[in-house]
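Heads up: the structure comes next, in structure tokens.
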Amino acid sequence: MGPPSVGLAMMHKIRRAKYQIGQVVRHRLYPFRGVVFDIDPIFSNTEEWYESIPAEMRPRKDQPFYHLFAENEETEYIAYVSEQNLLPDNSGEPIRHPQVAEVFVQDGKGGYRPRHATTH
């Protein structure tokens with residue numbers, strides 16, 4: 001039997017992502033938090049986006065990246081953040097981002113679960 005295919009390796013990485021869809025997280029360095037709504041097993045954004053990050057702060061590409069319905073004190077937005085720059089947010093505070101209510105239902109434990117099961 002040969003080595004596992006790249007596809008299987010990717011699926012293994014997705015399952016091993018530290019955070020889950022619906023989980024509330026916060027950025028390790030910047031004052032924002034959000035709800036995970038999608039996960040890329042490795043970096044999957046534009047090179048231009050990646051290069052716009054200061055070199056000394058640029059995360060590795062070979063780790064999960066999370067799409068967040070994010071918010072800070074001033075505004076709500078979509079963020080794309082590497083796993084190394086996230087921490088769990090256990091504050092229990094609700095997320096006010098308007099798209100959260102469209103996609104998720106609060107689970108009563110400080111997290112969110114998808115409103116509708118999706119098939120890919």
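Taking the criterion of being surrounded by 10 or more Cβ atoms within 10 Å (Cβ to Cβ), touching a strand residue (DSSP E or B) at 6+ places or on another chain (Cβ under 9 Å), in a helix (DSSP H, G or I) and in contact (Cβ under 8 Å) with a residue 60 or more places away in the chain, would at least one residue in region 71-83 satisfy it?
yes
Pairs under 9 Å by beta carbon, first residue modelled with pLDDT of 90 or more and surrounded by 15 or more Cβ atoms within 10 Å (Cβ to Cβ) in region 87-115, partner among the basic types (Lys, Arg) and in a loop (DSSP other than H, G, I, E, B), six or more apart or different chains?
Ala101/Arg115; Val103/Arg115; Phe104/Arg115
The values are calculated or read from the model by the stated rules, or taken from the named source; none is laboratory data. Bear in mind the structure is a predicted one, so any value in this text is a computation, not a measurement. In this analysis, Cβ positions are derived from the backbone assuming ideal geometry, glycine residues included, and neighbour counts consider all displayed protein chains.
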